[in-house]
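First comes the structure, then the notes that go with it.
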Amino acid sequence: MRQILASLWFALHSAGQNFRRNLGVSLAGVFTMALIIFLVGGSLLFTHSVDTVLQGQEQNASHLKIYLSDNASLAAITNFESRLKHDPRVISVTFETKDQAAKQASQNPSIASALDVLGSNPLPASLNLDVKKLTDLSQINNEAKMTPIVDMTTPTDYNSDVISKLNTVITVIQWVGAIIAIILLTISIVIIMNTIRTAVYSRRTEIEIMKLVGATDWFVRWPFILEGMLGGLLAAIFSGAVVFGAYRLFVQAAQGNLLSVPFDARYTITLLIVLLVGGVAVGAFGSFLGVRRFLQA
Amino acid sequence: MSVAVAERSAAPPQHALRPVISFHGVSKVYPNGTEALRDVDLAIHQGDFCFLVGPSGAGKSTFVRLLIRDEAPSTGRIFIDGQEVSRMSHRKLPKLRRKFGIVFQDYKLLQRRTVAQNVAFALQVTRPGQRHMREKVEEVLWIVGLEDKLDKFPDELSGGEQQRVAIARALVHRPRIFLADEPTGNLDPDTSWGIVQLLLQINHRGTTVLMATHNREVVDLVRRRVIAIDNGRVVRDEAEGQYLREGTATL
């Protein structure tokens, strides 16, 4: 126990000492890392915001209206409805009668007067579907068209074009975000590795002596790993604060605009934690790689 | 000087049951093709004091590096304390190196630490949390005669004093074997003699001492075992040898 505490103290002490003695290099490393973490965090938040907005659009777009033939029997309709209700791709199904359709349509005064003139109700009854995934929409649409009770003149109604475009956009944004994050992460590991390598180089005599008198590899490694973790933590705190501030400003600026972005507190907190843990982990891993070369032999 | 030698002429303790260092057909060829050692067979016993002599590039440094397993031999086997080190795993090296106390020509002191801190460093990194560290450091600095320089920094000391600090650091964990690679290489004759006296004193306490050196004067005065290496081969191994083969100008 005493030995572990003493080792820990030694590692902490020399990590801090190292950081201070090479303050210029250390701060440059922290700053570069902070920049990268900021970019990672920013791009993740941006992707998430766009995602949220688009998903909102998706909610509106994932409706499918199936018009029913006037000749369809109630039994056939109920049968078809329950089949749709049990379909795993479908969230909900509501049945709209001819009367309800007329009532709905009558909200527009010109349609109301036209209906009055006609005296009968030409509007079809319909089943209104909410579908879980946009990608399923066209398939369900095709299946519905095959059903005999569907109105043959105008079988279904949904905006297929917008939906497929929206889908592509969402997928592309998610991929681009992920690729950018991976590239930035790799860059930051390389940067940390080189920063630590500089620090290690300036202490090579010390490491040489440590190895000579029989210190274990981990004993030599720990101070540098702690130093890397410290740098990663500082960088993450700094850039996390900047990302958070920028996000709030962005949300405020977007408020009242057409695409108002909701402030997602849960996502933000998760993201900040991920940035902190990620910064520390990247710092540790970079140091591990940086010190490795000097421990071989 | 001769007086000092007379004082040390008593035979060193010989409890030669099992050699503390033994080489069996050891050769070392570096990746670039240089053959640094060829077919070396020898045994060094507990309490021995050995000089390792030979011109630069003869293989002395390779010999030292093989001992602490900084390098592995190309062929042959090396035993330290009965333990084969030639094929020892990387994980076991720290334990092996703690059996040695090592000093070099260039002292390898940490310039930002005081004398006492330099010596304590060896204990901190191998036995963290050890009790009575300060006393142990002071004791060993007293042995090397620097008890009044505890808080000086290396650049405030003379070359000889710096080498004494290095010796204290190598001694503080009570090694079985003391390796000195050209310890007097940077020192004037009088200071060199003081360092050699110190090594003899360490040997007198029972520690095996191996000193690689160019210093002909010292070797000829001390008259201990001499292992001469030339071109990677052991060309001479005498119990009370001189730097050169008796009556000749060659090793």
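The values are calculated or read from the model by the stated rules, or taken from the named source; none is laboratory data. As the structure is a computational prediction, the values presented were derived from the model and not from experiment. Positions of Cβ are generated from backbone atoms using ideal geometry, with glycine treated the same way; all protein chains shown enter the neighbour counts. Accessible surface is based on the protein model in full, side chains and every heavy atom, while ligands, DNA and RNA are left aside. Shrake-Rupley method; radii C 1.70, N 1.55, O 1.52, S 1.80 Å.
So the values come out like this:
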item	result
Of all residues in segment B:167-190 being within 14 Å of chain A (Cβ to nearest Cβ) and assigned to a helix (DSSP H, G or I), the one that is nearest to residue B:118 (Cα to Cα)	B:169
Candidate set from segment B:114-132 (those that are within 10 Å of chain A (Cβ to nearest Cβ) and open to solvent by 40 Å² or more (accessible area, probe 1.4 Å)); member that is farthest from residue A:203 (Cα to Cα)	B:131
Breaking point among (1) farther than 23 Å from residue B:25 by Cβ; (2) open to solvent by less than 80 Å² (accessible area, probe 1.4 Å); (3) at pLDDT 90 or above, for residue B:243	(3)
Per-region count, segment B:185-211, residues open to solvent by less than 10 Å² (accessible area, probe 1.4 Å) and out of contact with any Leu (no Cβ under 7 Å at 6 or more places or on another chain)	7
Test: residue in segment A:26-44 that is hydroxyl-bearing (Ser, Thr, Tyr) and over 30 Å from residue B:112 (Cα atoms)	yes
Residue in segment B:135-157 that is farther than 21 Å from residue B:203 by Cα, without any contact (Cβ under 8 Å) to a residue 40 or more places away in the chain, facing chain A (nearest Cβ under 8 Å) and open to solvent by 40 Å² or more (accessible area, probe 1.4 Å) present	no
Matching helices (runs of 4 or more DSSP H) fully within segment B:16-128 where at least 1 residues are within 30 Å of residue A:17 (Cβ to Cβ) and either β-branched (Val, Ile, Thr) or touching a helix residue (DSSP H, G or I) at 6+ places or on another chain (Cβ under 7 Å) (or both)	B:93-97, B:115-126
Subset of segment B:55-87 that is at negative phi and among the small types (Gly, Ala, Ser) - its residue that is surrounded by the fewest Cβ atoms within 10 Å (Cβ to Cβ)	B:56
Number of the condition not met by residue B:164 [criteria: (1) part of a helix (DSSP H, G or I); (2) away from every other protein chain (no Cβ under 14 Å); (3) surrounded by fewer than 23 Cβ atoms within 10 Å (Cβ to Cβ)]	(3)
Residue list for segment A:191-249, filter: free of Cβ contacts under 8 Å to residues at least 40 places away in the same chain and among the acidic types (Asp, Glu)	A:206, A:208
Residue that is farthest from residue A:226 (Cα to Cα) [pool: residues in segment A:7-54 that are open to solvent by less than 60 Å² (accessible area, probe 1.4 Å) and within 14 Å of chain B (Cβ to nearest Cβ)]	A:22
From A:169, A:190, A:131, A:117, residue being open to solvent by 50 Å² or more (accessible area, probe 1.4 Å), within 36 Å of the chain's Cα centre (by Cα) and over 30 Å from residue A:19 (Cα atoms)	A:169
Pair list, Cβ < 7 Å and 6+ apart or interchain, from segment B:215-227 residues that are within 16 Å of residue B:56 (Cβ to Cβ) to residues that are open to solvent by 30 Å² or more (accessible area, probe 1.4 Å) and not in a strand (DSSP E or B)	B:219/B:242
